[in-house]
Amino acid sequence: MHDMEHAPDFDRTQTLPELHALLDGVQMKNGWAKPTPSMYPQPKQPFVPAHWRYAHAHAALHAAGRLVGTEWAERRNLIMANPVPGNHFPTVNSLVAAYQMVKAGETARSHRHMPNAMRIALDSKAQTYTIVEGVKVPMEPGDVLLTPNWCYHGHSNEADVDAYWIDILDSPTVHLLGPMFFEHHPQAVSTDGEVAPDSPMRVAYADYRPRLAAQPEMAPGVRTLALAPGVLPTFDRTAIELATGARWSPGRSTASEIFVVIEGQGRSQFDDCSFSWERGDIVAVPYWTAATHTSEGGDAVLLRMSDRPMLDKLGWLREESVVS
């Protein structure tokens, strides 16, 4: 802390450098000669479009299963940090994505935290569960599992094969605003044994896939379906079907987005790069970034997570229409 007992004599200053020096002495910054502007005509983007392959994550996590013992396995995961200098955590500015693996017969202990979280199951068998407030919620491939903030949650893999999934959390937003809290459950895994396939914390792939296919087209060959809107207040989930060869250019938005490929393959094109993707891959689309997504070789299903709900509530959501 710093506090000057006596105010500097501003009346005696004869030049701007003298005034600036006195302002520095009282920890004030002038607003007329800022080194960088605080207002600018459109968003600045510190992050870049990025792509991560599930094949690489699967191989790395398989190796980690040999090298990272069960005493470390509370969360055996890989962080998809946006590849810009100095960044070690966020995938986009408000959200982080991570691949996670729990080995056959293994549990990940229960804890709770301020960030909201969700999971997207990639490879798992029956008797693989995420446990939310003591209830075992099945995790089957393509399922979306929700964990609202401050709910105790853990994971249990009672199957005979390792389970892989993707976590999405709003931890970067919590880091920015400050209200981070975390604590372990007093028991290693908090569950009373109840299994709830129809839990409101689960959006089963077997349920949302046919509902997605029945939606009207919002663009040629493109259908969308909101999944569990409003359950997590800071970010949403939208399933997107791209018919074979469909091209979707949604336009720039102030919302930050993470895409996960649920089925199929295709490509995402940006101004200065493009990524081919397939099942299980992750694509980061930072805010105010133009992108075109195209399916190749068959229909594709993507899940888009974005911070739209938070921006909309604050009056900060702006979307730019594409002129065809």
For this session: State whether the residues of the range 124-133 include one that is crowded, with 18+ Cβ neighbours inside 10 Å, under 23 Å from Phe259 (Cβ atoms) and not β-branched (Val, Ile, Thr).
Result: yes
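Which one of Ala108, Ala97, Ala59 is open to solvent by less than 80 Å² (accessible area, probe 1.4 Å) and touching a helix residue (DSSP H, G or I) at 6+ places or on another chain (Cβ under 6 Å)?
Values: Ala97 fails: touching a helix residue (DSSP H, G or I) at 6+ places or on another chain (Cβ under 6 Å); Ala59 fails: touching a helix residue (DSSP H, G or I) at 6+ places or on another chain (Cβ under 6 Å).
Answer to the check: Ala108.
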For this session: Residues being under 16 Å from Ala117 (Cβ atoms) and either in a strand (DSSP E or B) or open to solvent by 10 Å² or more (accessible area, probe 1.4 Å) (or both): count how many of those fall in the range 134-150.
Result: 9
For this session: Take the residues in the range 1-39 that are among the basic types (Lys, Arg) and either outside any loop (DSSP other than H, G, I, E, B) or at pLDDT 90 or above (or both), then tell me which one is surrounded by the most Cβ atoms within 10 Å (Cβ to Cβ).
Result: Lys29
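Could you pull out every one of the strands (runs of 3 or more DSSP E) wholly within the range 240-286 that has 2 or more residues that are among the hydroxyl-bearing types (Ser, Thr, Tyr)?
On the way: elements: 257-263, 265-269, 274-278, 282-285.
Those strands (runs of 3 or more DSSP E) span 274-278.
Yes or no: the range 50-63 includes at least one residue that is of a type outside the set (Asp, Glu), within 30 Å of Ala108 (Cβ to Cβ), in contact with a Pro (Cβ under 6 Å, 6 or more places away or on another chain) and at pLDDT 95 or above.
Within the range 50-63, the subset of a type outside the set (Asp, Glu) is 50-63.
Of the ones still in play, those that are also within 30 Å of Ala108 (Cβ to Cβ) are 50-63.
Keeping just the survivors that are in contact with a Pro (Cβ under 6 Å, 6 or more places away or on another chain) gives 50.
Remaining after also requiring at pLDDT 95 or above: 50.
Looking through the range 50-63, at least one residue is of a type outside the set (Asp, Glu), within 30 Å of Ala108 (Cβ to Cβ), in contact with a Pro (Cβ under 6 Å, 6 or more places away or on another chain) and at pLDDT 95 or above.
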Exercise. When only residues in the range 41-56 that are farther than 27 Å from Gly266 by Cβ and without any contact (Cβ under 8 Å) to a residue 12 or more places away in the chain count, which is surrounded by the most Cβ atoms within 10 Å (Cβ to Cβ)?
Worked result: Lys44
For this session: Looking only at the range 37-55, decide whether some residue is among the aromatic types (Phe, Trp, Tyr) and in contact with a helix residue (DSSP H, G or I) (Cβ under 7 Å, 6 or more places away or on another chain).
Result: no
For this session: Of all residues in the range 203-232, count the ones that are open to solvent by less than 50 Å² (accessible area, probe 1.4 Å) and under 22 Å from Arg308 (Cβ atoms).
Result: 10
Exercise. So which residues in the range 287-316 are free of Cβ contacts under 8 Å to residues at least 60 places away in the same chain, surrounded by fewer than 18 Cβ atoms within 10 Å (Cβ to Cβ) and either of a type outside the set (D, E, K, R) or part of a strand (DSSP E or B) (or both), if there are any at all?
Worked result: Ala290, Thr292, Gly297, Gly298, Leu314, Gly315
For this session: Filter the range 89-115 for residues that are under 22 Å from Val283 (Cβ atoms) and more than 10 Å from the chain's Cα centre (by Cα) and give the result.
Result: Phe89, Tyr99, Gln100, Met101, Pro115
Seminar exercise, completed: When every residue in the range 233-257 that is open to solvent by 20 Å² or more (accessible area, probe 1.4 Å) and in contact with a Phe, Trp or Tyr (Cβ under 9 Å, 6 or more places away or on another chain) is compared, the one nearest to Tyr287 (Cα to Cα) is Thr254
Problem set entry | Among (1) charged (D, E, K, R); (2) closer than 30 Å to Trp288 by Cβ; (3) touching a Pro at 6+ places or on another chain (Cβ under 7 Å), the one test that Asp123 misses | (2)
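The values are calculated or read from the model by the stated rules, or taken from the named source; none is laboratory data. As the structure is a computational prediction, the values presented were derived from the model and not from experiment. Here the Cβ is made from the backbone with ideal geometry for all residues, glycine too, and neighbour counts use every protein chain on show. The accessibility values were calculated without ligands, DNA or RNA, using every heavy atom of the protein model including side chains. Shrake-Rupley method; radii C 1.70, N 1.55, O 1.52, S 1.80 Å.
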